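Data block below; observations after.
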Amino acid sequence: MKKFIKHFGVLVIGILCMSAGVALSKLSLLGTSPISSIPNVISNITAIPIGQLTIAFIFILVLLEAIVLRRQFSWQNLLQLIPGSLFGWFIDAFVRFFHSLPNQTYIEQLGLVLMGTVLLSLGVFLEVNSHAIIMPGEGLPNAIALMRINSSLPKSKFIMISF
């Protein structure tokens, strides 16, 4: 039981770091991570919060994962929607929390995006190494790696980001 709590605790800390990183990057006005770029652009066009759009995007990623895995897709893959939804909710919470941070000068924006990048990197490291539920951002590349290109997760994720 302690191992279970440890794994999920690390996962939650990772999700919090990733969410804070995305929020800081968004508020820097200098760009966001690849997983958040589509929700960010749609958010800027529609004024729908980026976190809510991230949750919708995560549902799409899980659907794509189901298409790739076909019969090997199981209810356990659907569990990715839980941390994915938390991720989106925390993004919106952190955007509201960090909203008053200064971002008027390029140096301030650069500081925010650098902090966001470090937090996002730390969060992904913790999330992947938690050995709990993987996020859809890693689940889809992992499914592609396993089913289509006989590759590892880092290589398949790099290939997806390159497109």
Seminar exercise, completed: Result of the Cβ filter at 8 Å on the range 1-21, keeping first residues that are assigned to a helix (DSSP H, G or I) and partners that are aromatic (F, W, Y) and open to solvent by 60 Å² or more (accessible area, probe 1.4 Å), at least 6 apart or interchain, is G14/F125
Exercise. Can you name every residue in the range 27-52 that is of a type outside the set (S, T, Y), in a helix (DSSP H, G or I) and over 13 Å from the mean Cα position of the chain (by Cα)?
Worked result: L27, V41, I42, N44, I45
Exercise. If D92 satisfies every condition in (1) without any contact (Cβ under 8 Å) to a residue 40 or more places away in the chain; (2) under 21 Å from G31 (Cβ atoms) but one, which is the exception?
Worked result: (1)
Problem set entry | Condition check for G116: out of contact with any Ser or Thr (no Cβ under 6 Å at 6 or more places or on another chain), at pLDDT 85 or above and buried (at least 20 other Cβ atoms within 10 Å of the Cβ) | no
Seminar exercise, completed: Note on the range 76-131: residues hydroxyl-bearing (S, T, Y) and in a helix (DSSP H, G or I) are S85, Y106, T117, S121
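Name the residue that is farthest from G88 (Cα to Cα), counting only residues in the range 41-69 that are of a type outside the set (A, V, I, L, M) and open to solvent by less than 20 Å² (accessible area, probe 1.4 Å).
Here the answer is E65.
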For this session: Could you run through the range 3-27 and say how many residues are under 23 Å from I107 (Cβ atoms) and buried (at least 23 other Cβ atoms within 10 Å of the Cβ)?
Result: 7
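The values are calculated or read from the model by the stated rules, or taken from the named source; none is laboratory data. Remember, predicted model here, so these are calculated numbers, not experimental data. Positions of Cβ are generated from backbone atoms using ideal geometry, with glycine treated the same way; all protein chains shown enter the neighbour counts. All accessible areas refer to the heavy atoms of the entire protein, side chains included, with ligands and DNA or RNA removed. Shrake-Rupley method; radii C 1.70, N 1.55, O 1.52, S 1.80 Å.
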